[in-house]
Structure formats: C-alpha cells, structure tokens
Amino acid sequence: MLYYIAYCLYIFFIVLQIDVLLYLLKNILPGAGWFKYFVDMLAAPALSPVQKLVKHSVLKCFRTDISPYILLIVLFYLGSLCSYIMEH
C-alpha cells in the first residue's frame, strides 16, 4: 500500500516539475497566448505559497522571481524521497 502511495506522489511531483519548467519557458515561446494562460493557471496554485515566502524573506532583494527555481528544487527532493520509499 505504501508503495502505491509513494508511486502516485512520485508521478504527481514529476507532473508538477514539468509544469514549472513550462512556466519558466513560456516567455521564450513566441505567441500562443492560450498556452501561456494555461501554464499560468496550472502553476499558480503551486507557486503562490513559495512567492509569499520569498516576498517576506531576505531573498526579496532579487529583481527576478526565483520562486519557480526554489519550487523545482523542493519538487525534485520530494520526488527523490518518494523514489527512495519505493525502493525500500
């Protein structure tokens, strides 16, 4: 049972990582306003808590939004944790 829960969470974290990567790449892609809107709509629930944390921290001094990068690191760690649970 624990294996299946870890596997589902692992897949969920991979999908979120792909969504955050698309969020980072959306400004490079020309046109496709509907695609940018769709990626923003999918990434907003995951990014908003991280953006609030960054806004109230010492990392606020950066001009760029580093919350997607922080979220990618956290999602990669959680995916690795789920992978470890599935192996043992």
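Below, the figures for the structure above:
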quantity	calculated
Single unsatisfied condition, Asp40 versus (1) under 16 Å from the mean Cα position of the chain (by Cα); (2) assigned to a helix (DSSP H, G or I); (3) farther than 30 Å from Ala6 by Cβ	(3)
Among (1) at pLDDT below 95; (2) part of a helix (DSSP H, G or I), the one test that Tyr10 misses	(1)
Yes/no for Lys26 being basic (Lys, Arg) and open to solvent by 70 Å² or more (accessible area, probe 1.4 Å)	no
Test: residue in segment 6-20 that is surrounded by 14 or more Cβ atoms within 10 Å (Cβ to Cβ) and either farther than 23 Å from Glu87 by Cα or of a type in the set (D, E, K, R) (or both)	yes
When residues of segment 60-75 are limited to those that are outside any helix (DSSP H, G or I) and at pLDDT below 85, the one surrounded by the fewest Cβ atoms within 10 Å (Cβ to Cβ)	Arg63
Total residues in segment 1-27, condition of a type in the set (S, T, N, Q) and either under 16 Å from Pro45 (Cβ atoms) or within 13 Å of the chain's Cα centre (by Cα) (or both)	1
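The values are calculated or read from the model by the stated rules, or taken from the named source; none is laboratory data. The structure presented is a predicted model; accordingly, all values stated were derived computationally and were not measured. Every residue, glycine as well, gets a Cβ built from its backbone with ideal geometry; the counts of neighbours run over all protein chains shown. Just the protein is used for accessible areas: all its heavy atoms, side chains included, with ligands, DNA and RNA removed. Shrake-Rupley method; radii C 1.70, N 1.55, O 1.52, S 1.80 Å.
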